Amino acid sequence: MVRAVPLDLTASRRLVVKVGSALLVENGAPRADWLATLAHDLAALRSGGTEIIVVSSGAIALGAAKLGMAKGGRGSLADAQAAASVGQVELARLWAENLGRHDVTAAQMLVTLGDLEDRRRYLNASATLQRLIEAGAVPVVNENDSVATEEIRFGDNDRLAARVAQAAGADAVILLSDVDGLYDRDPREDGAVRLERVEGVTPEIIAMADTSSTSGLGSGGMLAKLQAARIAERAGISLVIANGTHLSPLTRYRDTGIGTVFVPQADASARKAWLAGRLAPAGVLTVDDGCAEALAKGASLLAAGLAEIEGEFARGDLVAIFGPKGERLGQGLVEYSAAECRAILGLREDQQEAKLGYAPRAAVIHRDHMVQA
């Protein structure tokens, strides 16, 4: 196998570094020596001209230890929210102290899924990140687990890191994990091969993922990392999965190149990238074979091709699009409510006005408001 060239972190104009709970916390206590070396790595990159954003897990684990909660604070949603409330204070202190030793100001930024799903709030978050960086601070971002619920949360900081990279206009993300990268099978199996470079997160790549989180502290696993890579690649952002368990993990990656690089597959417009990265569709449209073929060629989704409607949604909501065999085709902003979609399901344009009571729109989902899977 030809050795792939690792991503040059020093060449990144703006870099997002994601730190998992298992790296930051051990037996309820911060890994102080490890965090000190990571802060040194970050400061060195920053002094070389790379703008840094950190996406840091660890609040629930730290808070659970202080409160004496079982199961690392993940025994229930209420436990997780309470633990996060306490742990966020400790997490912010840790980053402020460690970056402060290098005369770098840390800024805490807590976000929810809704902050990056709603277009206006997404732009607000983007503006805040930009201003913090301009002011010389390093934003330390975490999901606001003290208020997030199971229905409205990222649930892992891997996908959050990719979405933050979009919002911040970053050109690279590195996910520090407890493995050396993506393997073609469980890395504990004999003969497992690490992929050094991935050109597109295909269904075959997804099939290699292990959804488990071996530490018991995190919530992502490899599947979440691949979903993050898919978000990043569609926005023209490079993403790396690398082993962060060692001291000075960014220096180690620079020196060894051990990891998996996911290569950008597109340089989407800001709106299309935002659409591709959204994670919470309000409903599902299933289309027939003919419509699926037309969508693959870049057409808009028309009512005549609708086969089934699921969920309750309003005009302007995000909906997922599936083909007749259950394959995900993409997602987009729908022009009709769920009730209206059901009324015109399978109808040609000249048949729709009688059902709607008004002249039909050009499409159920216009191609300009749609991204393919």
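Structural remarks
- Residues whose placed amide H lies under 5 Å from that of GLY283, excluding near-sequence neighbours: ALA320
- Percentage, to the nearest whole number, of Cα pairs in the range 86-127 over 15 Å apart: 54 percent
- Excluding same-chain neighbours fewer than eight residues apart, the aspartates and glutamates reachable from LYS225 by a Cα-Cα span under 14 Å are ASP156, ASP158, ASP178, ASP180, ASP210, GLU233.
- Over every Cα atom in the range 281-372, the radius of gyration and the widest Cα-Cα span, Dmax, amount to 11.6, 33 Å.
- Potential extension, GLU134-ASP255 segment - 0.36 nm per residue separation minus Cα distance: 40.6 nm
- A Förster radius of 45 Å, combined with the Cβ-Cβ distance separating VAL263 from ASN124, puts the computed FRET efficiency at roughly 0.90.
- The range 218-373: Rg to Rh, with Rh as the Kirkwood radius over Cα pairs: 1.12
- Unit charges at the beta carbon, dipole of the chain: most positive-side option, GLN351, ALA209, SER248: SER248
- Three-way shape call for the range 70-158 based on the alpha-carbon gyration tensor, with the a/c threshold at 1.5: oblate
- Along the range 87-94 the Karplus relation, 6.51 cos²θ - 1.76 cosθ + 1.60 evaluated at θ = phi - 60°, assigns HN-Hα couplings of x, 4, 5, 5, 5, 4, 4, 4 Hz to successive residues, with x for each Gly and Pro.
- Computed from backbone phi with θ = phi - 60° and the Karplus coefficients 6.51, -1.76 and 1.60, the 3J(HN,Hα) list for the range 50-57 is 8, 7, 10, 10, 10, 10, 10, 7 Hz; x is used for glycine and proline.
- Whole-number accessible area per residue in Å² for the range 281-372, which is evaluated in the context of all protein chains at 1.4 Å: 49 Å²
- Only Lys, Arg (+1) and Asp, Glu (-1) charged, at Cβ; the range 9-274 dipole about Cα centre in debye: 620 debye
- For GLU308, nonlocal amide neighbours, meaning residues 5 or more places apart or on other chains whose placed amide H falls under 5 Å from its own, are THR286.
- GLU26 long-range amide H proximity, modeled H, under 5 Å: ARG31
- Of all DSSP-defined beta bridges confined to the range 281-372, some 75% are antiparallel rather than parallel.
- The string of couplings for the range 127-138 from the Karplus curve (6.51, -1.76, 1.60, θ = phi - 60°) is 5, 5, 4, 4, 5, 4, 5, 4, 7, x, 8, 9 Hz, one whole number per residue in order, with x for Gly and Pro.
- For the chain, the mean residue ellipticity at 222 nm estimated from helices alone is -11500 deg cm²/dmol, where every DSSP H run of n ≥ 4 contributes -39500 (n - 2.57) and the total is divided by all residues, rounded to the nearest 500.
- Distribution of pairwise C-alpha distances over the chain, 20 Å bins, in %: 28, 53, 17, 1
- Annotation for the range 70-136 versus the range 345-365: alpha-carbon center distance of 46 Å.
- Additional length obtainable on full extension of the chain from GLU353 to LEU77, 0.36 nm per residue less Cα span: 94.7 nm
- Expressed as a whole percent, the accessible surface of the range 281-372 that belongs to carbon and sulfur atoms is 50, based on a 1.4 Å probe.
- The range 1-91 - percent of accessible surface contributed by carbon and sulfur, probe 1.4 Å: 55 percent
- Applying the Kirkwood pairwise sum to the alpha-carbon positions of the range 276-330 produces a hydrodynamic radius of 11.5 angstrom.
The values are calculated or read from the model by the stated rules, or taken from the named source; none is laboratory data. Predicted model, so just to flag it, every value in this text is computed and none were measured. Cβ coordinates were reconstructed from backbone atoms using ideal geometry, including for glycine residues, and neighbour counts include every protein chain displayed. The protein model used for the area step is the full one, side chains on, heavy atoms only, and it has no ligands, DNA or RNA in it. Shrake-Rupley method; radii C 1.70, N 1.55, O 1.52, S 1.80 Å.
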